[in-house]
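The values are calculated or read from the model by the stated rules, or taken from the named source; none is laboratory data. Worth saying up front: this structure is predicted, and the values here are computed from it rather than measured. Because the Cβ atoms are built from the backbone with ideal geometry, glycine has one as well, and the counts that use them run over all protein chains shown.
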Amino acid sequence: MLIKEPIKITGQSLYQDVVTYAQMGDHRTATEVDTKTAQWIRDELKKAGFTTELQTFDIPQYFIKEKSLTVSGKQVDCFPLWPVKSTGYETIKALLVKMQKGADQDNLKGSIALVTFPRAWGYLTLGKDHIDLIGDAAKAGAKAVIAVQEAPSPEIWAINVKLNEKEQPIPVIQVSPKDEKTLLLAIEKSEEVSLKLNVTFEAKAKTQNVIGKIGNGQKCIVVSTPTSGWFQSGGERGPGVSLFLNLARWVGQKQHNVSFIFVATSGHERFYVGMDRYMENLAPKPENVATWLHLGASIGTWSWKQTPDSMEKVPREPKEQSLVCSPQLLSTLQTSFADAKSFIPTSNGNNAGEVDGILKKGYNAFGIFNGHMYFHTPADGPENTAPELLEPIFVSLTKTFDAVEADFIGK
């Protein structure tokens, strides 16, 4: 089924979908915003001529009712570390003590521990070093932990957490590096700080993947993207969602000799749960897939350059965005992305995120992913991308699909 009126897809229209997505709010899995986003995507796929369905699944999830940190009588922005240990309705008041890994921790008893998560430990994933440091603070008698995460930007940087991680032994909140001086001053003055983290837990919170299908070809092209994230995720998730929707509109306006399956997945920040559920239960077999495109994080986002006065947005240099693929797609992508200067396709196995799992299962696939300066932070708004960055990527993707389909017909 073809939609009646052709839609002109431009950089500006691509960017508008990023804005729409980001303005919905924080996109954490199983929240009202997550559900609203899924419905919006489903509606847009229907408008493009797709038949749609929801794949619902359960996920353990935490929901923030109240979070606060008061230092020297002032509120400091904070965010809980998953899996969350709640204070309930209680406010913890205690002296703040700087904790050093490996040092004597006798002075932590009854205190709130201030720790640093070094950038070298990784700032995208909760790992053994983070867990051990928090565990040491709890064993030493600390009532809670305030963590400063070193990362590319001086913002609160949320950390992805696997589903099977145990709940933190004591409440843990993250703060921005730019607030560390305020906290150190409170230590110097021996001032008490107040921390409250009232969070509810649902063992079987409900979320969903959105699946759209069009066409009756013997083989299919699959397009997937995550839709969930810690915050509004304008740069992290917005471009992928926009490219996903506009590729669906492009597909709906043309006759094709292959079928298309579009899959928008939730659960990304809990280690790709939505994609895992789709792969386990509904994904087509590799031999039935002509190619699979995965639209990952931070596609078409700005790079940043330090000037004497500030950080300035600049276009990305070659190789700054990861475009990975199966070896058999390398030549096609080198041609179709020739005008998208920040992309150099590779098939060297240096993959990440959902596309890594897709490739390992033997699909003829390619994917785009990266990070950016405000990735995983509350400051990740739509301004982290732009129309002029998105349009050449969209054009390159349509060229890729045309080439894949022509190759399929030729066989």
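Can you tell me which residue in the stretch 306-354 is nearest to the chain's Cα centre (by Cα), limited to those that are acidic (Asp, Glu) and assigned to a loop (DSSP other than H, G, I, E, B)? Write out each step before concluding.
The first filter runs over the stretch 306-354 and keeps only residues acidic (Asp, Glu), leaving 309, 312, 317, 320, 339, 354.
Adding the requirement that they be assigned to a loop (DSSP other than H, G, I, E, B) leaves 309, 317, 320, 339.
Numbers: ASP309: 30, GLU317: 22, GLU320: 18, ASP339: 27 Å.
Out of the qualifying residues, it is GLU320.
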Q: Considering only residues that are touching a strand residue (DSSP E or B) at 6+ places or on another chain (Cβ under 7 Å) and part of a helix (DSSP H, G or I), look in the stretch 127-168 and name the one that is nearest to PHE117 (Cα to Cα).
A: HIS130
Q. If you check every pair at least six apart or on different chains, which have Cβ atoms under 6 Å apart with a residue in the stretch 244-265 that is under 20 Å from THR227 (Cα atoms) first and a residue that is among the charged types (D, E, K, R) second?
A. LEU245/ASP17; LEU245/GLU44; ILE261/LYS213
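Of the residues TYR363, TYR374, which single one is under 30 Å from MET311 (Cα atoms) and either in contact with a strand residue (DSSP E or B) (Cβ under 7 Å, 6 or more places away or on another chain) or assigned to a loop (DSSP other than H, G, I, E, B) (or both)?
Details: TYR363 fails: under 30 Å from MET311 (Cα atoms).
One residue alone meets the criteria, TYR374.
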Q: Considering only the stretch 169-288, give the helices (runs of 4 or more DSSP H) lying wholly within it that have at least 3 residues that are in the same structural domain as PRO387 (by TED's automatic domain parsing).
A: 238-252, 273-281
Q) If you check LYS47, LYS8, LYS93, which single one turns out to be surrounded by fewer than 17 Cβ atoms within 10 Å (Cβ to Cβ) and within 30 Å of ASN281 (Cα to Cα)? A) LYS47
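Only one residue in VAL33, VAL19, VAL76 is buried (at least 19 other Cβ atoms within 10 Å of the Cβ) and either in contact with a Leu (Cβ under 8 Å, 6 or more places away or on another chain) or not hydroxyl-bearing (Ser, Thr, Tyr) (or both), so which one is that?
On the way: VAL33 fails: buried (at least 19 other Cβ atoms within 10 Å of the Cβ); VAL19 fails: buried (at least 19 other Cβ atoms within 10 Å of the Cβ).
Step by step, each of VAL33, VAL19, VAL76 is checked, and only VAL76 is buried (at least 19 other Cβ atoms within 10 Å of the Cβ) and either in contact with a Leu (Cβ under 8 Å, 6 or more places away or on another chain) or not hydroxyl-bearing (Ser, Thr, Tyr) (or both).
Within the stretch 25-62, how many residues are in a helix (DSSP H, G or I), over 29 Å from PHE201 (Cβ atoms) and touching a strand residue (DSSP E or B) at 6+ places or on another chain (Cβ under 8 Å)?
Qualifying residue count for the region: 2.
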Q | Every residue from the stretch 104-124 that is among the charged types (D, E, K, R) and in contact (Cβ under 8 Å) with a residue 12 or more places away in the chain | A | ASP106, LYS109, ARG119
Q | Candidates VAL115, VAL175, filtered to the one that is of a type in the set (Val, Ile, Thr) and within 19 Å of TRP230 (Cα to Cα) | A | VAL175
